[in-house]
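The values are calculated or read from the model by the stated rules, or taken from the named source; none is laboratory data. Because the structure is predicted, anything quoted here is derived from the model rather than measured. When we count neighbours, we look across all protein chains shown, and the Cβ atoms used for this are built from the backbone with ideal geometry, even at glycine. Quick note on the areas: whole protein, heavy atoms, side chains included, nothing else; ligands and nucleic acids left out. Shrake-Rupley method; radii C 1.70, N 1.55, O 1.52, S 1.80 Å.
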Amino acid sequence: MPSPLIRHLTEQHHYPVADEHNIEQLLKQSECTVLFFTENPKHHPESNDVAVILPELMKRFSERMSVAVVDRNAEQALRARYPFNEWPALVFLRGEDYLGAVSRVQDWDVYLREFERLLNAEPVPAPRFKIPVVSESAGSCH
């Protein structure tokens, strides 16, 4: 269950909830879409901070983008499609094309600069998760 601050985004600001079933349709509704990945705010309290900041950012950027809150049950599936490094994350897409992400809480000036940069960016390949490679001989238990 989302926190009251995150629920406020969908109930009061009418941001849609994105999941694996409706993501393609949501991405067609706006030139640029920002997906808000919250994870569990009890483990990542910055999600509540971003939930307060995001409507203020939308006052400035609403003509250029829309926002969808990612359903908690769909976060891992959509994160695999649009990876990022840290929670919470705002993932920027133009259609289904990945533009970049802003993770964690940032200073206001950083948000303004990054939103402007990402809204003007050319699509890039979505980053891949990095899996550490360990030598078979290193740390052997034999």
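Scanning region 72-96 for residues that are open to solvent by 30 Å² or more (accessible area, probe 1.4 Å), at pLDDT below 95 and closer than 17 Å to residue 32 by Cα yields 81, 96.
Mind listing just one residue for me: the one in region 16-49 that is part of a helix (DSSP H, G or I) and of a type in the set (S, T, N, Q) and, of those, most open to solvent (accessible area, probe 1.4 Å)? Restricting to residues being part of a helix (DSSP H, G or I) and of a type in the set (S, T, N, Q), the top hit is 25.
Whether any residue in region 26-42 is in contact with a strand residue (DSSP E or B) (Cβ under 6 Å, 6 or more places away or on another chain) and either farther than 16 Å from residue 81 by Cβ or free of Cβ contacts under 8 Å to residues at least 12 places away in the same chain (or both) is what I want to check. Looking for residues that are in contact with a strand residue (DSSP E or B) (Cβ under 6 Å, 6 or more places away or on another chain) and either farther than 16 Å from residue 81 by Cβ or free of Cβ contacts under 8 Å to residues at least 12 places away in the same chain (or both), one finds at least one in region 26-42, hence yes.
Only residues that are among the aliphatic types (A, V, I, L, M) and not in a helix (DSSP H, G or I) were counted in region 72-99, giving 5. Put simply, of 105, 69, 52 the only residue that is at pLDDT 95 or above, hydrophobic (A, V, I, L, M, F, W, C), assigned to a loop (DSSP other than H, G, I, E, B) and touching a helix residue (DSSP H, G or I) at 6+ places or on another chain (Cβ under 7 Å) is 105. Does residue 68 qualify as being in contact (Cβ under 8 Å) with a residue 24 or more places away in the chain, buried (at least 21 other Cβ atoms within 10 Å of the Cβ) and in contact with a Lys or Arg (Cβ under 9 Å, 6 or more places away or on another chain)? It is false that residue 68 is in contact (Cβ under 8 Å) with a residue 24 or more places away in the chain, buried (at least 21 other Cβ atoms within 10 Å of the Cβ) and in contact with a Lys or Arg (Cβ under 9 Å, 6 or more places away or on another chain).
Determine whether residue 118 is assigned to a helix (DSSP H, G or I), more than 25 Å from residue 43 (Cβ to Cβ) and open to solvent by less than 60 Å² (accessible area, probe 1.4 Å). Yes: the conditions hold for residue 118.
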